[in-house]
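Quick notes on the structure that follows.
Where a number appears in this text, it was derived from the coordinates with a stated rule and is not lab data. Every value quoted in this text rests on a predicted model; they were computed, and no experiment measured them. So basically every Cβ, Gly included, is an ideal-geometry build from the backbone, and we count neighbours across all protein chains shown.
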Amino acid sequence: MANAPIKLLIAASGTGGHLFPAIALAQELSDYDIEWLGVPNRLETQLVPQQYKLNTIPVAGFQEKFGLGTLRVLGGLIGSVLQVRQILQRGKFQGVFTTGGYIAAPALIAAKTLGIPVIFHESNALPGKVTRFFGPWCDAVAVGFDVAAQHLRRSRTIYTSTPVRSQFLDESNVTSLDLPIPENVPLILVFGGSQGAVAVNQLVRQCAPALFKAGAYVVHLTGNNDPEAQSLQHPQYICLPFYDKMAPLLQRANLAISRAGAGSITELAVCGTPAILIPYPFAAEDHQAYNARVFTEAGAGFSYNQSELTPKILQTQVLSLLDAPEDLQKMGEKAKGIALTNSAHKLAQLVRDVVER
């Protein structure tokens, strides 16, 4: 048993922003015996089981105001902690890694009560409440943006950037793009993260005719929740709910219009894609606005509050950028300075240092 692989439990659930960095890390730790901790009926049930054993527990987030709902969630948390303890003991795990969200609390508490080391990765520029509260309990907190460490002064923080899937690191991927887009036309990519963004979709559709007139093609990833997704038809407009070759699409795009989730920001940066960012206004503690600020302060794009952005403003900004391709190129170069291309390796080394010491 001396040569048995290290056993690591990864607790990552819900959205692509939580799952994709964890999957990138898991792929880097190919010599580890990895299992997953998730929640039933979330994205991990689609992405994880083909590669790793998935353990699921019921868990929910706390309410903003204290009440009966809070007590129910607290009771559920205690039950979830007991379940995770059983998983950790039965599997003889030697470490726990989490990317935050609802799943992090029971995973962290269970691990610490058993003396198992914990590594937390926080991808947002403004760390979430779970990270701020539990960070000091962790053996290490890896941050996706340098500025996040300012909010985690009591924690051992290490800047690793946020890992992306390997496809984003292969610039030859652009040749695998299988969409009918001519080579020499400007391409605008519109996406709202793994959940889609109906408000952004509506804005883009209203200013799209002017973009077509300027010769641009638009690839619009609408998500599954937009009832008007197919309302616009045009030869220069490609509308899809999702597209699985996101890396070559970002590498080909001259400009993106997107939300400002940490995963999206990192993928834009790694691919060197300038962007107009529209932070989700209802994100917890407005954390997407903090992510967008990192991008815009680097000179890689522009950010607008959704409540203040009109189709006319968006149209004017996009057209002015299309008229200045040299500016777009400079913005793309500045975007590449935001993220580390070896993030998965750095994060994997941190996990090894903590778990194997």
ask   = Cα axis of helix 325-335 to longest principal axis of the chain: angle in degrees, 0 to 90, nearest 10?
value = 10
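Taking neighbour Cβ counts within 10 Å as the exposure measure, how do Ser172, Ser161 sort from fewest upward? The partial results should precede the final answer.
Values: Ser172 8, Ser161 24.
Placing the least packed residue first, the sequence is Ser172, Ser161.
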Computed magnitude of the charge dipole of the range 212-291 (debye, nearest 20; Cβ of K, R +1, Cβ of D, E -1) = 340
ask   = Just going by the charge dipole of the chain, with Lys and Arg at +1 and Asp and Glu at -1 on Cβ, which of Met246, Leu189, Leu340 is farthest out on the positive end?
value = Leu340
Burial ranking of peptide ranges 321-329, 301-309 (average Cβ count within 10 Å, highest at the top) = 301-309, 321-329
inquiry  = So if I take the centroid of the Cα atoms in the range 214-237 and the same for the range 161-182, what is the distance between those two points in Å?
reply    = 21
note = Among Val96, Ala111, Pro163, the residue whose Cα sits farthest towards the positive end of the charge dipole of the chain (+1 at Cβ of Lys and Arg, -1 at Cβ of Asp and Glu, taken about the Cα centre) is Ala111
note = When the charge dipole of the chain is computed with +1 on Lys and Arg Cβ and -1 on Asp and Glu Cβ about the Cα centre, the Cα farthest towards its positive end, among Pro235, Gln27, Pro180, belongs to Gln27
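Past 26 Å, Cα to Cα: identify those pairs from Lys7/Lys245; Lys129/Lys245; Lys7/Lys112, in the order given.
On the way: Lys7/Lys245 31 Å; Lys129/Lys245 33 Å; Lys7/Lys112 16 Å.
From the list (Lys7/Lys245; Lys129/Lys245; Lys7/Lys112), the Cα-Cα distance tops 26 Å for Lys7/Lys245; Lys129/Lys245.
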inquiry  = For a quick size check, give me the Cα extents of the range 167-335 along its three principal axes, largest first, whole Å.
reply    = 41, 34, 30
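Note down the relative contact order for the chain as a percent, whole number, built from C-alpha pairs under 8 angstrom at least six residues apart. Write out the running numbers ahead of the final one.
Details: 695 pairs, mean separation 55.8, N = 357.
Here the relative contact order equals 16 percent.
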key: About the Cα centre, charge dipole magnitude for the chain (Lys/Arg +1, Asp/Glu -1 at Cβ), debye   = 1100
key: Simple Cβ-charge dipole of the range 270-357, Lys/Arg +1 and Asp/Glu -1, about Cα centre, in debye nearest 20   = 260
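Express in % the proportion of alpha carbon pairs of the range 240-357 at distances exceeding 19 Å.
Details: 3565 of 6903 pairs.
Of all Cα-Cα pairs in the range 240-357, 52 percent lie more than 19 Å apart.
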note = In Å, the Kirkwood estimate of hydrodynamic radius for the chain over Cα pairs equals 21.2
inquiry  = Between helix 262-271 and the chain, what is the angle of the helix's C-alpha long axis to the longest principal axis, kept within 0 to 90° and rounded to the nearest 10?
reply    = 60
remark   = Relative contact order of the range 167-335 (C-alpha contacts under 8 Å, at least 6 apart) in percent is 23
inquiry  = For the chain, take the longest principal axis of its alpha carbons; what is the angle in degrees between that and the long axis of helix 68-91, to the nearest 10 within 0 to 90?
reply    = 70
Coil-residue trypsin sites (Lys or Arg not before Pro) of the range 83-126, DSSP, other Cβ within 10 Å capped at 12 = Lys92
